[in-house]
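Below: one structure, written as C-alpha cells.
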Amino acid sequence: MINYNPKNWLGFIFSLHKSDTIRILWKEIIYIAILTAIITSLELHFFPSSSVLKNLTAVYSLLGFVISLLLVFRTNTAYDRWWEGRKLWGAVVNDSRNLSSLLASMGLTEAETQSYSRQLIAFSSSMKEHLRRNKLPKIIENIRNFIIEQGGEIHFESKLTGITRTDNKISHLEINHGEQTPIKQVILATGHSARDIFYLLHQTGIKVLAKPFALGVRVEHTQALIDQMQYHGRLNDEYLAPASYSLVEQIDGRGVYSFCMCPGGIIAPCATANGEVVTNGWSPSKRNNPYSNSGIVVSIDPTDFENPEDPFVCLTFQQEVEKLCHDATGNNQKVPAQRLLDFVEGRKSKDFPRSSYTPGIESVRLDEVLPPLVAKRLQKAFQAFDKKMPGFLTNDAVVHAPESRTSSPVLIPRDKERMHHVEIINLYPCAEGAGYAGGIVSAAIDGMKCVEAC
Ligand SMILES: Cc1cc2nc3c(=O)[nH]c(=O)nc-3n(C[C@H](O)[C@H](O)[C@H](O)COP(=O)(O)OP(=O)(O)OC[C@H]3O[C@@H](n4cnc5c(N)ncnc54)[C@H](O)[C@@H]3O)c2cc1C
C-alpha cells in the first residue's frame, strides 16, 4: 500500500516527474502536445475566422465532461475492489488475532500454544507473499536453512533403496544402494507415485493395503466456453475471474466427479516411468491461459476387481491404464485423445482444436481403450453434466487420458492416535503417498502431525 501525506501537497507538484502516471504516459503527453500545437497553428494561420472551429471549446468541454463521468465510474469500481480486498484482509488479521488469544483458554501446554501461534503467523505471512509476488521459492529456501540451523541435515540426490526390519522396528535404511544407515524413527512421505517404496515395504514384510482411488480423463474446453456457461454470456469482463466448475454424479453405484479443475490452465505430462503416460493440470497464478481443464474421474474400489485382498490391485489397474494409453499412441509422451461428444457417442475424432498439452495428442477411440468400468460411467456422467451445465457436452472440448494420479492407490496403515505404522512402531507413514492427504496443504499438515507424534 502507498502511504500519502496529504499535508505535503506542494511537494507533490515538484515531484510530479516521479509519479507513475507521468512515467507511463510521458510519450503520449508529448505526442498530444505536438499534435495540438500543429492543429492550433493551422487554425490561427489558415482558418482564423472559421465559424466551425470557433465552437470547438464547447465540443472539448462536453467531451471532457463525458470522460470525467467515465473516470468516476472506473475509480468507483476500482475503489470497490480495493475495499473488498481490504475487508477480507482485515478479517484475516482479526480472526487470526482472536484465535491466538483464544489459544490461551484452550488448556494447551506452553509449547503447543507457541506452536499454534507460530502457525497462525506463518499462514498470514505466506498468504501475503503468495498474493503479492512469487516469494515461495525463497520461503522454501528459508525453511531449509531453519532446519539446518536447528541441527537438521538435508541430503539431496539420496534415494531410499532398502529397509532392514528387526521385529516391530526398522533398524537401518539403505540409501542409493549403499551402506546401511542406523535409524531411530522414520517419517515416510514419499508421495503417491513412489511405487518402488510400496513394493519395498511389502517385500520387507511391512503391511500395506489396497486403497480406493479415482481414475479417468482430463477434459479441456476453451476458457471462453466455460465463462459463457457459468456467467451466462457476461464475457470479457476484466473483473470476473476465469470461471471454474465442480460437478459430481452417482453413476452405477460409483461417484464420478470433477477433480483439480484448472481455470485458464494447462494440461501437463506427469508420467514417472518409461512406457506410461499420465496427465495432470495446473493454472498459472493469473489463470490467463485460453484453456480450461479438469480431471473427470471415476471412483475405483478394490472390490471392483476379482482379488480385492491383493494390496496392489488398484495400483496394478492404475499402471495398466497408463500403459494402455501409452501404447495407444506409440512410444512417446503423446496422449490419446477424443473430442468429448465423439467419446460419448463412440466415434473416432477426425481432427482436434488446439490443446494445451504440449507433447501432443493423437486421435484414438478412448471409449474403447479405457476399461469399460471407467469409460461407460464417464460417458453417462458427461451426459448428466450437460444437464447441469448446458453446453458442457460439446465436440469443441477434448478428452485427454489418463488422469490417474488423483490419490494413492495404496494405504500404509497406521495407528490413529500414535500415528505410527500398525505393526512397525518407529515408522510414521505420512501424507499423500501413505493415504492420509490429498493436496499440498493437507500433506503439509499431516507432516506436522507426524513430527509432533514422533
Ligand atoms: C501438476 C500438478 C499440479 C498440482 N496442483 C495442485 C494444487 O493446485 N493444489 C494442491 O493442493 N495440490 C496439487 N497437486 C498435488 C500435490 O502436489 C500433492 O498432493 C502433494 O505434493 C503431496 O505431497 P507429499 O509430500 O505427500 O508428496 P510429494 O510432494 O510427492 O513428495 C514426495 C517426495 O518424496 C521423494 N521421494 C520419492 N521416493 C523417494 C525415495 N525412494 N527416496 C527418497 N525420496 C523419495 C520425491 O522425490 C518427493 O520429493 C498437484 C500435483 C501435480 C503433479
Problem - Top-ranked residue of the stretch 184-206 - restricted to ones that are out of contact with any strand residue (DSSP E or B) (no Cβ under 8 Å at 6 or more places or on another chain) and more than 8 Å from the ligand (Cβ to nearest atom), ranked as farthest from residue 440 (Cα to Cα) - result: 203
Fill in the blank from the handout: Result of the Cβ filter at 7 Å on the stretch 192-206, keeping first residues that are under 20 Å from residue 403 (Cα atoms) and partners that are away from the ligand (no atom under 11 Å from the Cβ), at least 6 apart or interchain, is 195/315
Exercise for the section: Within the stretch 87-122, work out how many residues are closer than 15 Å to residue 448 by Cβ, within 28 Å of the chain's Cα centre (by Cα) and of a type in the set (S, T, N, Q). Expected result: 3
Practice task
Can you confirm whether the stretch 220-232 contains a residue that is outside any loop (DSSP other than H, G, I, E, B), within 16 Å of the ligand (Cβ to nearest atom) and modelled with pLDDT of 95 or more?
Solution key: yes
Exercise for the section: Taking residue 67 as meeting all but one of (1) closer than 24 Å to residue 428 by Cα; (2) surrounded by fewer than 12 Cβ atoms within 10 Å (Cβ to Cβ); (3) away from the ligand (no atom under 16 Å from the Cβ), write down the number of the exception. Expected result: (1)
Practice task
Would you tally the residues in the stretch 135-151 being assigned to a loop (DSSP other than H, G, I, E, B), surrounded by fewer than 10 Cβ atoms within 10 Å (Cβ to Cβ) and on the phi < 0 side of the Ramachandran plot?
Solution key: 1
Problem - Members of the stretch 158-202 found to be within 17 Å of residue 421 (Cβ to Cβ), among the polar types (S, T, N, Q) and surrounded by 16 or more Cβ atoms within 10 Å (Cβ to Cβ), listed by number - result: 190
Handout entry: Check on residue 118, surrounded by 11 or more Cβ atoms within 10 Å (Cβ to Cβ), part of a helix (DSSP H, G or I) and either out of contact with any strand residue (DSSP E or B) (no Cβ under 8 Å at 6 or more places or on another chain) or assigned by TED's automatic domain parsing to the domain that holds residue 445 (or both)
Key = yes
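Yes or no, residue by residue, for (1) in a helix (DSSP H, G or I); (2) within 30 Å of residue 389 (Cα to Cα):
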position: 261; (1), (2): no, yes
position: 277; (1), (2): no, yes
position: 284; (1), (2): no, yes
position: 303; (1), (2): yes, no
position: 308; (1), (2): no, no
position: 317; (1), (2): yes, no
position: 323; (1), (2): yes, no
position: 337; (1), (2): no, yes
position: 344; (1), (2): yes, yes
Fill in the blank from the handout: Exactly one of 284, 269, 290 is more than 14 Å from the chain's Cα centre (by Cα), more than 27 Å from residue 255 (Cβ to Cβ) and assigned by TED's automatic domain parsing to the domain that holds residue 221, and that one is 290
Handout entry: Restricting the stretch 419-454 to residues that are near the ligand (Cβ under 8 Å from one of its atoms) and over 16 Å from residue 405 (Cβ atoms), the residue that is nearest to the chain's Cα centre (by Cα)
Key = 441
Fill in the blank from the handout: Matching residues in the stretch 154-188 (farther than 19 Å from residue 428 by Cα, within 30 Å of the chain's Cα centre (by Cα) and of a type in the set (D, E, K, R)) number 1
Completion exercise
Taking the stretch 397-410 and keeping residues out of contact with any Pro (no Cβ under 6 Å at 6 or more places or on another chain) and either in a loop (DSSP other than H, G, I, E, B) or under 18 Å from residue 349 (Cα atoms) (or both) leaves 397, 398, 399, 400, 402, 404, 405, 406, 407, 408, 409
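The values are calculated or read from the model by the stated rules, or taken from the named source; none is laboratory data. Since we're looking at a predicted model, the values are computed, not measured. Cβ coordinates were reconstructed from backbone atoms using ideal geometry, including for glycine residues, and neighbour counts include every protein chain displayed.
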